[in-house]
Amino acid sequence: MSIRSLIAAVAIITLSGCAGPPPEFDGEKAMEQLIAQCAFGPRVPGSEAHERCREYLVEFLRPLADTVIEQQFEYYDSLRSKNLVMVNIIARFGEGNGRRLLCAHWDSRPTADYDPDTSRRDEPILGANDGASGIAVLLEIARLLSIQPPPKPVDIVLFDGEDYGPQGRIDLYLLGSRYFSRNVDPSIYEFGILLDMIGDADLKVGPEVYSARYAPDVVDRIWAVAEEIGVTEFDRRAKYSIQDDHIPLLGKGIETVDLIDFDYPPWHTHADTPDKCSAASLGAVGRVVTTVIYSK
């Protein structure tokens, strides 16, 4: 038996240990959530759209989760000479340790660094794929978790300030995940899955290099499930090393995999709009993640 066949067989055994089949993820509902976020406009920290979107996310999650925490932190933007209050939104489903962590960033970028129109590069982007897509999938998963409890507790964490830093200053990105990682006990988590840029209509998700290096068992588990349930948008060939919100989590000892399709021409441009995304792509990622978290 090949290694890949063995992994797939283990996945089948794992899934057969579920209390029942996982609930059905609805890609159309996730797409509605993507559009709803974009309707607020660019969700840049400190903006009215950012505040209105925060209210929407909290109001959506509060009746679904056992607990919703707004984890506020302050950030001084020395380049713009202003203080900002940012908020990580934490929705907890179930109690105890051995938790599964699902996360994405809910802010959008304040600049369009790669827009072909150089006169508009200082304007904020809508961030349909780069921001709203991961959150859209997590909101639909939250709805499912409220209907059918998973076999192990789940935390959904929406990170703020992931995309706030200036181009080339990675030390000024990942603000929410850095703060969360400094203030969490990593021993409560079994593993983590980060969603970022997974709404691309031409989706192909390969194992991100840092994820494969530092969380190989979680990578194998996810891709084995994708193969078992027939989600062809997942490809086992690794292509990119990404500095993303999983890096602070990995540094804290939480084995976290970044699900991301970085082959996306509208990245950090004004063309990152909902029409570049699809319910089918959101559904493909959502089905895989849902199946993983409903396995024992």
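Derivation of every value follows stated rules applied to the coordinates shown; laboratory data play no part. The structure presented is a predicted model; accordingly, all values stated were derived computationally and were not measured. Neighbour counts are summed over all protein chains in view; Cβ atoms, including those assigned to glycine, are modelled from backbone coordinates with ideal geometry.
Details
- Projecting the Cα atoms of Gly94, Leu194, Ser281 onto the charge dipole of the chain (Cβ charges, centred on the Cα centre) puts Gly94 farthest toward the positive pole.
- Among Gln71, Gln33, Gln167: highest mean-square fluctuation, GNM of the chain, C-alpha pairs under 10 Å: Gln167
- Neighbour counts of other Cβ atoms within 10 Å put His246, His105, His50, His268 in the fewest-to-most order His268, His50, His246, His105.
- Stretching Ser146 away from Ala280 to a fully extended chain increases their span by 45.9 nm, per 0.36 nm per residue minus the current alpha-carbon distance.
- Applying the criteria of a DSSP loop state and at most 12 other Cβ atoms within 10 Å to the GluC sites (Glu not before Pro) of region 186-291 yields no site.
- Cα-based shape type of region 216-268, given that a ≥ b ≥ c are square roots of the gyration tensor eigenvalues and the cut on a/c is 1.5: oblate
- Cβ-Cβ FRET estimate between Glu190 and Arg236, R0 fixed at 25 Å, reported to 0.05: 0.65
- Normalised by the number of residues in the chain, the average gap of Cα pairs under 8 Å and 6 or more apart makes the relative contact order 27 percent.
- Neighbour net charge for Gly283 - beta-carbon separation under 11 angstrom, K R +1, D E -1: -3
- Burial ordering of Thr273, Thr290, Thr111, fewest other beta-carbon atoms within 10 Å first: Thr273, Thr111, Thr290
- Gyration tensor verdict on the chain (Cα atoms; rounded if a/c is under 1.5, prolate if a/b is larger than b/c, oblate otherwise): prolate
- Angle between the chain longest axis and helix 279-293 axis [Cα atoms, degrees, rounded to 10]: 50 degrees
- Computed about the Cα centre, the dipole magnitude for region 192-292 is approximately 180 debye when only Lys and Arg (+1) and Asp and Glu (-1) carry charge, each at its Cβ.
- Ordered by the count of other Cβ atoms within 10 Å of each Cβ, fewest first, Thr232, Thr291 give Thr232, Thr291.
- Rounded to 10°, Cα long-axis angle of helix 27-38 versus longest principal axis of the chain: 20 degrees
- Dipole size of the chain about its Cα centre, with +1 on Lys/Arg Cβ and -1 on Asp/Glu Cβ: approximately 680 debye, rounded to the nearest 20.
- Listed values for region 246-257 are Karplus-derived 3J(HN,Hα) couplings in whole Hz (6.51 cos²θ - 1.76 cosθ + 1.60, θ = phi - 60°), namely 6, 5, x, 5, 4, x, 8, x, 8, 5, 10, 10, and x replaces Gly and Pro.
- Taking amide H as placed 1.01 Å from N in the peptide plane, Arg100 has its amide H under 5 Å from the amide H of Val154, Asp155, Glu190, each at least 5 places away in sequence or on another chain.
- Here's how it looks for His105: its modeled amide H is under 5 Å from those of Phe159, which are all 5 or more places away or on a different chain.
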